[in-house]
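Participant: Okay, here's the structure, questions in a sec.
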Amino acid sequence: MRETARGALELARPGNCVAAAVLTATGAFVAGAGDALAPAAIAAVTTAFAVAAGNAINDYFDREIDAINRPDRPIPRGAVSPRGALGIAGVWFAAAVALAVALPRLALAIAGINLVALVTYTTVFKGTPGLGNALVSYLVGSTFLFGGAAVGRPEAVVALALLAALSTFAREVIKDVEDVVGDREEGLRTLPVAIGERRSLWVATGSLVVAVAASPLPYLSGTFGGAYLLLVAVADAVMLYACYEAFADPTAAQRRFKYGTFLAAAAFVVGRAVLLV
């Protein structure tokens, strides 16, 4: 029982759930949560449940690939059965839907679209070169939109959503390079399988370069204060180095890239906060 409970928790990937919830809360904060703290909190928890469900669904459909690439994950090692993973995902999806109905219509619409996208990612798009990466990138970027929509101002965070999507695309491609052996054996047509690992890494680098070039825009538009520029410059440097590192060690690179995304999220919060004090 203890191993099953541990496996269920691992299916959710708590770190990813917390990170996604923080991005949603960041979107709400930047949009100007003000007196709308309750909708912002509901949106953050909704995001966490949705991400947990999506991760469980992903592990269900990836169980054969994970037996090669990630044998320590809950399903391959026997901690949770495939059917059990589906049941757990269903509970988490239901929780996300139940919470989302309390939010404004646009936020509810975004939640509905994203729940469908989470399921279709693994079942339809994951093995399609580039499209699976693009869908995940949209989902990450949309966390900011969801937070903004929850407090009634999604337009205030469109730039953040685009920056997050571009940088996420780069990291997702690096992750596919890391998993290329198992993906090739399972017949998945990921970008590295389709066009090669080095070309894929150049595509990832190009996407990040666009994001880095556009990163000053929120400051120039008056959304963020000067502290944003200092922090985002560090985040940009970390992620650019991760892209360089990926050509030699994609596993280390994608971990480093994650640190860069956390720094970027901090830049969003601090950059907005300095204008409010």
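Participant: Determine which single condition I68 fails, assuming it passes every other condition in (1) buried (at least 19 other Cβ atoms within 10 Å of the Cβ); (2) out of contact with any Ser or Thr (no Cβ under 8 Å at 6 or more places or on another chain); (3) among the β-branched types (V, I, T).
Facilitator: The one condition I68 does not meet is (1).
Participant: Regarding D236, is this residue charged (D, E, K, R) and more than 18 Å from S137 (Cα to Cα)?
Facilitator: For D236, the condition - charged (D, E, K, R) and more than 18 Å from S137 (Cα to Cα) - is not met.
Participant: Could you identify the single residue in G54, G90, G84, G112 that is of a type outside the set (A, V, I, L, M, F, W, C) and surrounded by 21 or more Cβ atoms within 10 Å (Cβ to Cβ)? Don't jump to the end; show me each part of the working.
Facilitator: Working: G90 fails: surrounded by 21 or more Cβ atoms within 10 Å (Cβ to Cβ); G84 fails: surrounded by 21 or more Cβ atoms within 10 Å (Cβ to Cβ); G112 fails: surrounded by 21 or more Cβ atoms within 10 Å (Cβ to Cβ).
From the options G54, G90, G84, G112, the qualifying one is G54.
Participant: So, one more: Cβ-Cβ below 7 Å, separation at least six or inter-chain, first residue in the range 184-196 and in contact (Cβ under 8 Å) with a residue 40 or more places away in the chain, second of a type in the set (S, T, Y): which pairs?
Facilitator: Pairs found: R189/T128; L191/S200.
Participant: Does at least one position in the range 216-229 carry a residue that is part of a helix (DSSP H, G or I), at pLDDT 95 or above and buried (at least 20 other Cβ atoms within 10 Å of the Cβ)?
Facilitator: Scanning the range 216-229, I find at least one residue that is part of a helix (DSSP H, G or I), at pLDDT 95 or above and buried (at least 20 other Cβ atoms within 10 Å of the Cβ), so the answer is yes.
Participant: Right, something else. Please verify whether V212 is within 19 Å of the chain's Cα centre (by Cα), within 25 Å of P129 (Cα to Cα), hydrophobic (A, V, I, L, M, F, W, C) and crowded, with 18+ Cβ neighbours inside 10 Å, treating the condition exactly as stated.
Facilitator: On the way: within 19 Å of the chain's Cα centre (by Cα): yes; within 25 Å of P129 (Cα to Cα): yes; hydrophobic (A, V, I, L, M, F, W, C): yes; crowded, with 18+ Cβ neighbours inside 10 Å: yes.
Yes; evaluated as a whole, the condition is true for this residue.
Participant: Within the range 221-271, how many residues are touching a residue at least 60 places away in the same chain (Cβ under 8 Å), among the aliphatic types (A, V, I, L, M) and within 17 Å of V22 (Cα to Cα)?
Facilitator: The qualifying residues number 3.
Participant: Looking at the range 235-253 only, could you name the residues that are loosely packed, with under 15 Cβ neighbours inside 10 Å and assigned to a helix (DSSP H, G or I)?
Facilitator: Passing the criteria: A237, Y241, Y244, T251, A252.
Participant: Okay, moving on. Output the helices (runs of 4 or more DSSP H) that fall wholly within the range 46-153 and possess 3 or more residues being closer than 21 Å to P192 by Cβ and not aliphatic (A, V, I, L, M), or say none.
Facilitator: Answer list for the range 46-153: 63-69, 131-150.
Participant: Which residues, taken from the range 183-215, are in contact with a helix residue (DSSP H, G or I) (Cβ under 7 Å, 6 or more places away or on another chain), assigned to a helix (DSSP H, G or I) and of a type in the set (D, E, K, R)?
Facilitator: D183, R184, E185, E197
The values are calculated or read from the model by the stated rules, or taken from the named source; none is laboratory data. In this text the structure is predicted, and so the values were computed from the model without any measurement. Cβ coordinates were reconstructed from backbone atoms using ideal geometry, including for glycine residues, and neighbour counts include every protein chain displayed.
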